[in-house]
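Report on the structure given below.
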Amino acid sequence: MSKVAVFARLLSDYGVARGAGCLRRYFVSVGRVMANSKYEYVRKFEQSDTCLPNTWIVVRLDGKCFHRFSESHGFEKPNDLRCLSLMTNSAQCVMKEFSDIVLAYGQSDEYSFVLRRDTTLYSRRASKLISTMSSHFASSFVFHWSKFFPISPLLYPPTFDGRVVLYPTSANLRDYLSWRQADCHINNLYNTCFWALVHDGMTNTDAVKQLKGTLSSDKNELLFSRFNINYNNIPPVYRKGTTLIWSSQKETVRSKDCSRRAIRSRHDKDMLPGKDSRECN
Ligand SMILES: Nc1nc2c(ncn2[C@@H]2O[C@H](COP(=O)(O)OP(=O)(O)O)[C@@H](O)[C@H]2O)c(=O)[nH]1
Ligand SMILES: [Mg+2]
């Protein structure tokens, strides 16, 4: 129908005033379509970042410059349980927001989230997954800060970077988690020794010198002989990190709020590969 015919039809159907209003809206929408088609080519510059199908998607978030953040907020050394608990609480918020996460593992200032292998969340677009998870993690961290640090104000907004890594087999995924847990163990053993020496009066430089080139067995021995610390008795949350998994249907029904799935937090989970680690893909 021509524009004149449309105008005549509107006039006869709705009267002059309403017809004029409809006609204005018609021209505005035609103009908008033309403008859109003129500029729409820019969408072709967007790159596809869809994660491969049938792979485990891992999103790892890590605190930016948390060395400075921990100093500014007076974190206890080597481990601050308030911060670790706030990190875990933030990870639980992320799991509740994105129910396709099957497992999360955290230590120090990082958390890894494993998505269902067949997830279609955000059409598996990496940038959407990273940005929504890191922003929800950071906002939850800030939102719940005062519950974990009741007398220490948050001095500036924390930042968390994020990345996506894809693992084709369950054995690869397990090795990834073992790698993060081994990192937790190595850093924690070193930091426990370092801060024990410093708290005992040694300078930071001398403590670094004393630990240079030592093996894990040397560090265990140092802790035991000099500080009477049995490393294996240090709480598992510091030695092994935290694993979050959805509790079973049975456990959820037994919990007080059975309308929501509960998340179980474990510190005793050993990710280090067993003999069957390469057989589970
Ligand atoms: N004192 C203390 N520091 C922590 C704790 N958790 C994390 N950090 C700090 O955060 C850093 C995290 O490591 P990394 O991500 O490599 O360093 P970043 O680049 O400074 O974030 C550690 O080196 C510590 O300095 C904690 O519980 N207590
Ligand atoms: Mg960091």
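Amide H to amide H under 5 Å from Cys51: which residues, 5+ apart in sequence or cross-chain, H placed 1.01 Å off N in plane?
The list, which skips near neighbours in sequence, is Arg125, Ala126.
How charged is the neighbourhood of Gln47? Take every other residue with its Cβ under 15 Å from the Cβ of Gln47, and add Lys/Arg as +1 and Asp/Glu as -1.
Numbers: positive: Arg43, Lys44, Arg124, Arg125, Lys128; negative: Glu46, Asp49.
With Lys, Arg at +1 and Asp, Glu at -1, the neighbours total +3.
Averaging sequence separations of C-alpha pairs under 8 Å and six or more residues apart, then dividing by the length of segment 56-266, give the relative contact order as a whole percent. Mind showing how you got there, number by number?
Details: 251 pairs, mean separation 55.4, N = 211.
In percent, rounded to a whole number, it is 26.
Between Ser139 and Ser217, what FRET efficiency follows from the Cβ-Cβ distance if R0 is 41 Å, with the result rounded to 0.05?
On the way: r = 43 Å, r/R0 = 1.06.
FRET efficiency, Ser139 to Ser217: 0.40.
With each pseudo-label sitting 7 Å past Cα toward Cβ, what's the Leu166-Thr50 distance in nm, one decimal?
So the label points at Leu166 and Thr50 sit 1.1 nm apart.
What residues have an amide H closer than 5 Å to that of Ile234, excluding those fewer than 5 places away on the same chain, when H is modeled at 1.01 Å from N in the peptide plane?
none
With Cβ to Cβ distances under 15 Å as the rule, what net charge do the other residues near Leu121 carry (K, R +1; D, E -1)? Please list the in-between numbers first.
Numbers: positive: Lys96, Arg116, Arg117, Arg124, Arg125, Lys128; negative: Asp49, Glu97, Asp100, Asp118.
Taking every other residue near Leu121 into account, the sum is +2.
Going down the table (Lys147/Lys240; Lys77/Lys240; Lys219/Lys240), which pairs top 20 Å between alpha carbons? Working shown, then result.
Numbers: Lys147/Lys240 24 Å; Lys77/Lys240 17 Å; Lys219/Lys240 17 Å.
With Cα atoms farther than 20 Å apart: Lys147/Lys240.
Within a 10 angstrom radius of the beta carbon, how do Trp145, Trp246 rank from fewest other beta carbons to most? Please report the intermediate quantities before stating the final value.
Working: Trp145 20, Trp246 16.
Least crowded to most crowded, the residues run Trp246, Trp145.
Describe numerically, in nm with one decimal, the distance between label points set 7 Å from Cα along Cα→Cβ at Thr159 and at Lys250.
In this crude spin-label approximation the distance works out to 4.8 nm.
To make sure I understand, if each residue's beta carbon is the centre and we count other beta carbons within 10 Å, what order do Ser112, Ser225 fall in, fewest to most? Kindly include the intermediate steps, with their values, before the conclusion.
Working: Ser112 21, Ser225 9.
By the 10 Å Cβ count, ascending, the order reads Ser225, Ser112.
Throughout, read-outs are computed from the coordinates displayed, never taken from laboratory work. Not measured: the values here are computed from a predicted model. Ideal geometry is used to build each Cβ from the backbone, glycine not excepted, and the neighbour counts take in all protein chains shown.
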